[in-house]
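Written below as structure tokens is the structure these notes are about.
The values are calculated or read from the model by the stated rules, or taken from the named source; none is laboratory data. Remember, predicted model here, so these are calculated numbers, not experimental data. Virtual Cβ from ideal backbone geometry, glycine too; neighbours counted across all protein chains shown. The area values use the complete protein model at the heavy-atom level, side chains included, leaving out ligands, DNA and RNA. Shrake-Rupley method; radii C 1.70, N 1.55, O 1.52, S 1.80 Å.
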Number of protein chains: 2
Amino acid sequence: MAVRLEKNPAVSKQALRRMPAYLLYLEALNPTTVVSISATTIANELGLNEVQVRKDLAAASLSGGRPRTGFKVKELIRDIKSYLGYDDVYNAVIIGTGKLGQALLSYQGFAEYGLDIVAAFDTNPELIGQQFNRKPVYPPEKMPEICRSLKIQIGIITVPAEYAQDACDHLTESGIQAIWNFAPVLLTAPPEIIVQNENMAISLAILSQHLSVKLKKQH
Amino acid sequence: MAVRLEKNPAVSKQALRRMPAYLLYLEALNPTTVVSISATTIANELGLNEVQVRKDLAAASLSGGRPRTGFKVKELIRDIKSYLGYDDVYNAVIIGTGKLGQALLSYQGFAEYGLDIVAAFDTNPELIGQQFNRKPVYPPEKMPEICRSLKIQIGIITVPAEYAQDACDHLTESGIQAIWNFAPVLLTAPPEIIVQNENMAISLAILSQHLSVKLKKQH
DNA sequence: TTATAATCAGTAAATTAATATCGATATTTA
DNA sequence: TAAATATCGATATTAATTTACTGATTATAA
Ligand SMILES: NC(=O)c1ccc[n+]([C@@H]2O[C@H](COP(=O)([O-])OP(=O)(O)OC[C@H]3O[C@@H](n4cnc5c(N)ncnc54)[C@H](O)[C@@H]3O)[C@@H](O)[C@H]2O)c1
Ligand SMILES: NC(=O)c1ccc[n+]([C@@H]2O[C@H](COP(=O)([O-])OP(=O)(O)OC[C@H]3O[C@@H](n4cnc5c(N)ncnc54)[C@H](O)[C@@H]3O)[C@@H](O)[C@H]2O)c1
């Protein structure tokens, strides 16, 4: 057998970013017809280098693959999810129940990733007391009390840019551990708070750059 | 003067991802009080290495910085925007005018990045004919006609996952150049079509991983 | 049963990215 | 006006990531 000496090799940041794509690909396979899959096949399908895929999978997979057949699809899905921390369920609240906040509140898909959005906050009196996807909207004053009693770990910021730092401070004081920020602002937070920005400008910048190159070529 | 031999050094993918953060930082400065800024200052504020920042800025800046004072803030903002292609205005349509689609349609911020969303599509008869942020919703059958007449370059996919490939095919046939995909699906598109995924799972995976490490430490 | 081929895991090499160092050059200050 | 210093651009070094290579292993087919 191809024995795995090193059980879980170094965590690469780039590999971490590729994992969700593997997961999407694997979950789209028909589990009754495709039981095993090789790194080679995945690499070809996703347009990646096969050694890279094999290394990435080795980092996440507990049991490893076997020569000639590859990895058990079901096991691999389970292992990648566990590797990404989707097994651990975290409680979250949303600050800013506007267009984007409501979309996120209503989205069912986050459960898949272990994110449980349990409540929302807003300053708008018309929103307070309403429910979206059975999740209640509270006034911001209630944040410390609710975050502590519901053991909230993650705060999701979807307020207008000018209020985002405020929301961040408020969340920090409410004892949360991490912030997922959708506002186009660089937040200042204590070092122990994890801040992850969902910056659509990055995506757009990459798209825009590629497009600009492409259109210049066509000329 | 510190002459710049190499006018615009190699484009690094990682640098491209950092550019929007520089832009956010620079735009938050008060232009009347802060006229020039050094790479050192930016690096300290953003928690990055100063040489890295200097290299990144050198790649985007046309005129370069000067010893002792640094870069002119206004010029630098202009140069980074141009480097990222935010100057070129692209027309876009949204496929799927649900919660997320409506949020994106209503968002004013994209104009800043040169993205002009001009119309939306949906299969839901109740949505067809409505307007969001003055942008009309059409039935998908009109896609080829509208995309060609309005010279649409970008299609934004916000339909449920199971219809995303359909939407992608439809957009491709309608002559668009690039797709910005929000559905959790790996799309198959002709090689000449640029596909950029906005995969919130990546963000969440990184957050989840950090959080898991952090909470284990606290234990 | 034995040869063949696909695939794995591990190691080595190459590429890319990040950081350190150095001489040049403006601005500030003595 | 001269010295001190912050900052630049460039080059060198180090680290991270990707890609290539090698030998072992297992399913398949001769
Ligand atoms: N809509 C999008 O597609 C989109 C895309 C990218 C980024 N963003 C960013 O997400 C944020 C929200 O965007 P949106 O379109 O949902 O805006 P929105 O105006 O629809 O919603 C903002 C909500 O925040 C509430 N709010 C304001 N101050 C608050 C406070 N201090 N505490 C709690 N709630 C407060 C408002 O009452 C409102 O309901 C913005 O920062 C925006 O830049 C939005
Ligand atoms: N809502 C979120 O916060 C969120 C977050 C991440 C990803 N996403 C993804 O974005 C997509 C949209 O999410 P949503 O919450 O807005 O869903 P939604 O159900 O609110 O909206 C989907 C819309 O697409 C329309 N539609 C269905 N088939 C169509 C077709 N063939 N052509 C045109 N329109 C069609 C529907 O009528 C509906 O209006 C999904 O793929 C979802 O996984 C959503």
Per-residue SASA entry for B:Ser12, accessible area with 1.4 Å probe, Å² rounded to 10: 50 Å²
Loop-located GluC sites (Glu not before Pro) in region B:121-202 whose Cβ has at most 12 other Cβ within 10 Å (DSSP): B:Glu126, B:Glu192
Degrees separating the helix B:50-60 axis from the principal Cα axis of chain B, which is the longest one: 60 degrees
Hypothetical label at A:Gln218: residues of region B:123-159 whose amide nitrogen lies under 17 Å (7 Å Cα-Cβ projection): B:144-156
Axis-nearest residue in chain A [Cβ, rotation onto B], distance in whole Å: A:Ala103, 2
Accessible area in square angstrom per residue, region A:76-219, 1.4 angstrom probe: 45 Å²
Of B:Thr158, B:Thr41, B:Thr32, the one that fluctuates the most in a GNM where chain B has Cα springs shorter than 10 Å: B:Thr32
Accessible-area order (highest first, 1.4 angstrom probe) of the listed residues A:Lys81, A:Lys55, A:Lys74: A:Lys74, A:Lys55, A:Lys81
Accessible surface of B:Leu16 - all protein chains present, 1.4 Å probe, nearest 10 Å²: 10 Å²
Partner chain coverage, peptide B:19-25 - average Cβ within 10 angstrom: 5
Label point 7 Å beyond Cα of B:Val35 along Cβ direction - residues of region B:74-114 with amide nitrogen under 13 Å: B:74-75
Between helix B:13-28 and chain B: long-axis angle, C-alpha atoms, 0 to 90°, nearest 10: 80 degrees
Where N is the number of residues in chain A, Cα Rg divided by 2.2 N^0.38 Å: 1.23
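Over both sides of the B-A contact, add up the buried accessible area with a 1.4 Å probe and give it to the nearest 100 Å². Kindly include the intermediate steps, with their values, before the conclusion.
Numbers: alone 13780 and 13830 Å², together 22340 Å².
Chains B and A together bury roughly 5300 Å² of accessible area.
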Distances in nm from B:Val213 to the matching label points in the other copies, shortest first (labels 7 Å along Cα to Cβ): 3.0
Listed residues B:Leu171, B:Leu105, B:Leu46, most fluctuating in chain B (Gaussian network, C-alpha, under 10 Å): B:Leu46
Inter-copy spacing of A:Thr40 label points, which lie 7 Å from Cα along Cα→Cβ, given in nm from shortest upward: 5.6
Shielding by other protein chains, A:178-189, mean Cβ within 10 Å: 3
Within the accessible area of region B:13-84 (1.4 Å probe), percent carbon and sulfur: 52 percent
Chain A: angle of helix A:161-173 to the longest principal axis, Cα-based, in degrees nearest 10: 90 degrees
Net length gained if the chain between A:Tyr25 and A:Gln108 were fully extended (0.36 nm per residue, minus Cα distance): 27.9 nm
Over 29 Å between alpha carbons, listed pairs B:Lys55/B:Lys214; B:Lys81/B:Lys135; A:Lys81/B:Lys55; A:Lys214/B:Lys81: B:Lys55/B:Lys214; A:Lys81/B:Lys55
Region B:90-202 - percent of accessible surface contributed by carbon and sulfur, probe 1.4 Å: 51 percent
7 Å along Cα→Cβ, label-point gaps from A:Ser63 to other copies, nm, shortest first: 6.4
